[in-house]
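Down below is the structure, laid out as structure tokens.
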Amino acid sequence: MLMKQLLSRENLLKALKQVEKNKGSHGVDGMPVESLRAHIQHYWTSIR
């Protein structure tokens, strides 16, 4: 049940917006935050 809440679309979107708002640093993959939203949209099925 908790995992379902954590992975809910609403919660993941809230997390993405928070990262974008904070202008977070890129991760170990070197992807800039500005590219994150497009990447998530493109790979959403496999990410989920």
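The values are calculated or read from the model by the stated rules, or taken from the named source; none is laboratory data. Predicted, not measured: the structure shown is a model, and the values here were computed from it. Because the Cβ atoms are built from the backbone with ideal geometry, glycine has one as well, and the counts that use them run over all protein chains shown. Just the protein is used for accessible areas: all its heavy atoms, side chains included, with ligands, DNA and RNA removed. Shrake-Rupley method; radii C 1.70, N 1.55, O 1.52, S 1.80 Å.
Tabulated data
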item: The range 1-27, residues that are open to solvent by less than 100 Å² (accessible area, probe 1.4 Å) and of a type in the set (Asp, Glu); result: Glu20
item: Total residues in the range 34-48, condition within 15 Å of Lys17 (Cβ to Cβ) and open to solvent by 100 Å² or more (accessible area, probe 1.4 Å); result: 2
item: So Gly30, is it modelled with pLDDT under 90 and either surrounded by 10 or more Cβ atoms within 10 Å (Cβ to Cβ) or within 12 Å of the chain's Cα centre (by Cα) (or both); result: no
item: Residue within the range 36-45 that is modelled with pLDDT under 85 and out of contact with any Cys (no Cβ under 8 Å at 6 or more places or on another chain) present; result: no
